[in-house]
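Take a look at the structure set out below.
Read the figures in this text as sums done on the coordinates, not as results from a lab. This one's a predicted model, so the numbers in the text were calculated from it and none came from an experiment.
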Amino acid sequence: MKTTKYFMMVLVCLLMQSATCLADGRPIPVEQLPKAAKDFVAKYFPGQNIIYAEKEYGKYEARFNNGMEIEFDKKGNWDKVDCKTTAVPAALIPEAIAQYVQANFAGAVITKIDKERYGYEIELSNDIDLKFNKQGALIGLDD
């Protein structure tokens, strides 16, 4: 009896986990993006069309018809913005990072910004990657 109870408990846990995994990594209708994500897109990327949305492991991803991609956390707050060949909106870039890039990489623009636990990782139009702490101080460079 005890073994059967244990087996049933394990089976229920496995089924619950499978159901959760099936829901992740799947395309979703754009309308199912969190409100905060849709508001973010409307504010910073007006006129851009989302052609694909996906939910994976509680996070969301939106892809646009121009190739741009944005990742959001489960609440719809942006986590990564990849504009590919165009500049990330200036309002998304912390002031200290923007000043550093302007002073040290004249002519380059930030095409990707990614929030990390330690701060930010950015990619420039000249293919240089920079890492900054939360205060905006440079902590790493990768070319």
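How big is D, in µm² s⁻¹, for region 40-102 by Stokes-Einstein at 20 °C and 1.002 mPa s if Rh is the Kirkwood radius over C-alpha pairs?
It diffuses with D of about 170 µm²/s by this estimate.
Please state, to two decimals, what the Cα-based radius of gyration of region 18-143 comes to when divided by 2.2 N^0.38 Å (N = residues).
It is 1.11.
Please list, or write none, the aspartates and glutamates whose alpha carbon is within less than 16 Å of the alpha carbon of residue 84, excluding same-chain residues fewer than 8 places away.
Counting by Cα, and skipping residues close in sequence, residue 84 has these aspartates and glutamates nearby: 61, 69, 71, 114, 121, 123, 127, 129.
Tabulate in residue order the Karplus-calculated ³J(HN,Hα) for region 116-127, using 6.51 cos²θ - 1.76 cosθ + 1.60 with θ = phi - 60°, rounded to whole Hz; enter x for Gly and Pro.
Along region 116-127, the couplings run 10, 4, 7, x, 9, 10, 10, 10, 9, 5, 9, 6 Hz.
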